[in-house]
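Here is the structure we will look at, set down as C-alpha cells.
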Amino acid sequence: RRPRPRWPSRITPRLVSRLRQYVLVICENYRTVPYHDVEHAYHVFLSANKLLDLLLREGGRRRAGPTFGIKSDPLAQLAFLFSALVHDVDHRGISNRQLVLESDDLAILYNDQSVAEQRSLAVAFAVWMMPEYGVLRGVLFDEDAALEEKKKDDDRNRNRNNNREEHFKFRKLVIDLVLVTDIASPERTQIVKSKWKEAFGEVILTANLNQRKGTKRGGGSGGGG
C-alpha cells in the first residue's frame, strides 16, 4: 500500500512557499523598536498557537471544556493565528495617545482611533491581497474556482457567494481580534469585559461556588476532629 499523504493534495510546495513568503514579508515589516518588534510578534504567535492547542486538545486527564464554536470553525482558528502574526506589524514604538497628541500622519489618517492597530491591519491586508498570494487565497477560499468562469449556473453562483462570505468573515475576525488589542481604549476594553463575562461568567461562577462548598466541607471536618 502507498503511504497516506500527510497533507491534502492542494497543499503544494508552491503554496507552502507563498505562505512562507507572506510570513517573511510581514516579519520584515516589523520595525526595530522597543517591545513591539518581530520578537514580540514571535512570542505572541507561539502563545496563541499554544492556547489554541490547549483549547482543541482531546483526551488526557483534563475534561474537555466548551470551545464556543472554535473547535468546529477552522476559519476562526486561522484568523486567531493570523492576527497574532500581524497584530503589531509596522508599529512605530509610540503609543496611540502620543501619536494623537502629536497629530501624527497616522493619527490623522485613522481619525485618532486605534491608530497603531489600524495601521497594522492595513499593512497586513495590503500584502495579503497582492497577486502573488492569490494561490493562498485560492486554497483557503476557493477564489480561483469561483472566478474561473462566469457561467450562469446556480450552484456556481452560490459557491462564489459562499467564498466571498468566507473571506469577508475571515477579514472581520482578524480586524476584531487586532483592534481589541488596543487596551488603552476604554470602549474596546469594555467590549472585551462584556464578551468575557458573556462567555465565561457562568463557568467562573460555578467554579467559585464549588470552591466555596469544598472550603466549607474542609473546614467542617477539621473542626470536628
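The values are calculated or read from the model by the stated rules, or taken from the named source; none is laboratory data. Worth saying up front: this structure is predicted, and the values here are computed from it rather than measured. Positions of Cβ are backbone-derived with ideal geometry, glycine not excepted, and every protein chain shown enters the neighbour counts. Note: accessible area is taken over every heavy atom of the protein model, side chains too, but ligands, DNA and RNA are not part of it. Shrake-Rupley method; radii C 1.70, N 1.55, O 1.52, S 1.80 Å.
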Pairs, first without any contact (Cβ under 8 Å) to a residue 24 or more places away in the chain and closer than 18 Å to A122 by Cβ in region 173-188, second outside any helix (DSSP H, G or I) and open to solvent by 20 Å² or more (accessible area, probe 1.4 Å), C-beta under 6 Å, six or more apart: none
Residue list for region 36-59, filter: outside any helix (DSSP H, G or I) and modelled with pLDDT under 95: R57, E58, G59
T189 vs. criteria closer than 29 Å to S95 by Cβ, β-branched (V, I, T), at pLDDT below 90 and in a helix (DSSP H, G or I): yes
Test for I183: is it of a type in the set (V, I, T) and at pLDDT 75 or above: yes
Selected residue [modelled with pLDDT of 90 or more and either open to solvent by less than 50 Å² (accessible area, probe 1.4 Å) or in contact with a strand residue (DSSP E or B) (Cβ under 7 Å, 6 or more places away or on another chain) (or both)] from V100, V23: V100
Residue within region 79-89 that is in a helix (DSSP H, G or I), within 17 Å of the chain's Cα centre (by Cα), without any contact (Cβ under 8 Å) to a residue 40 or more places away in the chain and closer than 19 Å to T181 by Cα present: yes
Restricting region 34-50 to residues that are among the aliphatic types (A, V, I, L, M) and closer than 10 Å to L81 by Cα, the residue that is nearest to the chain's Cα centre (by Cα): A48
